[in-house]
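Trainee: I'd like to ask some things about the structure below.
The values are calculated or read from the model by the stated rules, or taken from the named source; none is laboratory data. All values reported here derive from a predicted model rather than from experimental measurement. Glycine also receives a Cβ, built like all others from the backbone with ideal geometry; neighbour counts cover every protein chain displayed. The protein model used for the area step is the full one, side chains on, heavy atoms only, and it has no ligands, DNA or RNA in it. Shrake-Rupley method; radii C 1.70, N 1.55, O 1.52, S 1.80 Å.
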Amino acid sequence: MHFIRRLSVKLLRLKNSLLAYGTILFILLSSAIVYYLEPDTFQNGFNALWWVMTTVATVGYGDFYPTTVPGKLFAMFLYVFGIGLLSLVIGKIIEAIADLQRRRGSGKLKFQGRNHIILLNWSKKAQLAVEEIMSTDENAEIVIITESEKHPYDRRNIHFVSGDPTSDDTLEQAGINRARSAIIFADPGIEDSSLVDGKSLLIAASIERIAPEVHTTVEITLEKHIQNFRHVKVNEFVLSHDAVSRLAVRSALNEGNIEILTQLLSRQHGEDLFEAARDPEWRTYGDAFQALLKEGATLVADGSDMTINRKLHEQLPANTRLFVITDKATIDKINAKGRNS
């Protein structure tokens with residue numbers, strides 16, 4: 001027992017890879033030995049391997065079994081060491097899975113995917129953003145970066161990285177170079193608005209330095225800081241309280257339009273704003289407007305230009321980006337036609 005205990009301790013200290021290779025080698029060697037001892041009983045190497053596996057797994061079907069004294073002595077050896085070795089390997093596998101789950105929950109795993117969306121600084125706004133993304137595309141991959149030590153929103157396709165979002169190591173752990181876009185939310189743990197924007201600015205600068213091709217959107221708390229974010233080439237920014245204030249004013253001045261604006265703000269309800277694929281046959285904005293209208297979509301903008309309804313006779317520029325108001329099924333049909341044109 002003392003010998004077995006010491007052997008078990010040494011096996012436990014082995015690297016998982018060495019233990020796995022050692023177990024495979026042990027099973028193959030045992031199969032060769034038992035076949036050498038009783039070739040008439042097992043008939044071929046595969047039957048010997050089958051018997052060894054059913055023995056060490058404690059299944060024991062009884063379709064093959066040793067009949068000679070050397071074969072039975074070797075079977076006794078497998079009962080003691082083989083079963084213990086396989087149990088040790090199974091325990092290691094379970095331990096590795098549990099450790100993987102612990103590391104995932106604590107944000108220590110590196111994200112290996114690509115074309116994902118990174119959300120930085122967890123808050124109620126970030127949670128709403130996650131829900132909005134998942135309602136738009138349930139297969140979207142999302143990575144949350146925050147300084148918490150516990151997964152803030154453990155759901156399918158949502159990965160968590162724990163660490164300082166201004167750190168290069170943390171951003172690389174989240175796969176920033178392979179990301180589609182990044183959204184930086186104001187840190188709710190900081191009370192001073194200037195400090196909040198300062199941290200967001202540091203994060204934005206780090207992202208632009210490491211992965212300038214990633215589309216970056218930042219929540220800004222003070223309007224006077226907008227120029228600073230433009231300096232680091234942030235793609236887009238949103239003022240924290242700007243949208244709420246504007247919606248409240250629109251509601252007060254024009255009763256009922258808040259429902260329309262709410263629909264446009266969320267893809268979970270009603271119509272939404274989508275980018276439509278351009279058909280090569282469209283020459284003017286008027287051509288595009290009429291063709292899209294027949295499909296059930298209303299053309300409202302070319303990029304950020306919302307005045308196209310007053311210049312329908314003008315030619316479509318080469319770099320045009322047409323945005324329409326419609327539903328998901330209609331835009332999918334329109335874009336499918338555009339790809340086939």
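Trainee: Would you call residue 308 surrounded by 15 or more Cβ atoms within 10 Å (Cβ to Cβ), farther than 26 Å from residue 137 by Cβ and either of a type outside the set (D, E, K, R) or at pLDDT 90 or above (or both)?
Mentor: So residue 308 fits the description; yes.
Trainee: Residues 172, 223: which one is open to solvent by 30 Å² or more (accessible area, probe 1.4 Å) and over 18 Å from residue 114 (Cα atoms)?
Mentor: 223
Conditions tested, residue by residue: (1) of a type in the set (Gly, Ala, Ser); (2) over 15 Å from the mean Cα position of the chain (by Cα).
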{"residue": "92", "(1), (2)": "no, yes"}
{"residue": "106", "(1), (2)": "yes, yes"}
{"residue": "117", "(1), (2)": "no, no"}
{"residue": "121", "(1), (2)": "no, yes"}
{"residue": "125", "(1), (2)": "no, yes"}
{"residue": "128", "(1), (2)": "no, yes"}
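Trainee: Here is a list: 63, 40. Which entry is modelled with pLDDT of 85 or more and open to solvent by 60 Å² or more (accessible area, probe 1.4 Å)?
Mentor: Criteria check complete, one pass: 40.
Trainee: If you check every pair at least six apart or on different chains, which have Cβ atoms under 8 Å apart with a residue in region 213-239 that is within 24 Å of residue 179 (Cα to Cα) first and a residue that is open to solvent by 80 Å² or more (accessible area, probe 1.4 Å) and assigned to a strand (DSSP E or B) second?
Mentor: As it stands, the answer is 215/236; 216/236; 217/236; 218/236, since those pairs meet every condition given.
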